[in-house]
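One structure is given below, encoded as structure tokens.
The values are calculated or read from the model by the stated rules, or taken from the named source; none is laboratory data. Quick caveat: nothing in here was measured; it's all calculated off a predicted structure. Backbone-built Cβ (ideal geometry, glycine too); neighbour counts: all protein chains shown. Heavy atoms of the whole protein, side chains included, go into the accessibility calculation; ligands, DNA and RNA do not. Shrake-Rupley method; radii C 1.70, N 1.55, O 1.52, S 1.80 Å.
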Amino acid sequence: FADLEKKADRGTGGNQLNNREGGAIGPNAFALPSGTIILTDELVDIAGDDNDMVLAVLAHEIGHVDKKHSLRQIYRAAGTAGLIMLIAGDVGSAMQDVLTNGAALLSLSYSREAESEADHYSVILMTKAGRDPLALARFFTALQEKLNVGAEETSMFDTHPGMPDRQKMIEQWA
């Protein structure tokens, strides 16, 4: 992790890694805008002895922090809500639900874009650190095999691009 962090935009000390038992969320990793990265034990278990898979996931999360994805998502949500209220005023709860849900669907595409950007960042960061840039694609394969999830293509309601699409892009970038 320290080797990745040295090569990242924020540099050494820009992030703080925390390991936790996943409990109800299971295998997962996520980054907070502050640079705090949470990695669950269950995710590490899926990677087995392949440390590069874990590092690739961490590089992906560092990408979210360095590219300020969480902050951008908060700004977009606040801006969209403000714009809807400015244009529509007091439209009643039914119309407000329609407008808000439409804005939520729009934000899904931004979320997918952020995920793709973080995947690309993982490939770049892993390469800079002298690690396997294809490790994130390998991790997605392990997820599919061990949890039987993610084999579908991207749909318009997904917050993340489909794993097959992500794997293809990772291979192209690498």
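Candidates in region 29-59 are the residues that are assigned to a strand (DSSP E or B) and open to solvent by less than 20 Å² (accessible area, probe 1.4 Å); of these, the one that is farthest from residue 121 (Cα to Cα) is 40. Scanning region 1-28 for residues that are open to solvent by 50 Å² or more (accessible area, probe 1.4 Å), in contact with an Asp or Glu (Cβ under 8 Å, 6 or more places away or on another chain) and within 21 Å of residue 142 (Cβ to Cβ) turns up 19, 20, 21, 28. Pull up region 99-124, narrow it to residues that are more than 15 Å from the chain's Cα centre (by Cα) and either among the polar types (S, T, N, Q) or at pLDDT 95 or above (or both), then point me to the one that is surrounded by the fewest Cβ atoms within 10 Å (Cβ to Cβ). Among those that are more than 15 Å from the chain's Cα centre (by Cα) and either among the polar types (S, T, N, Q) or at pLDDT 95 or above (or both), it is 101.
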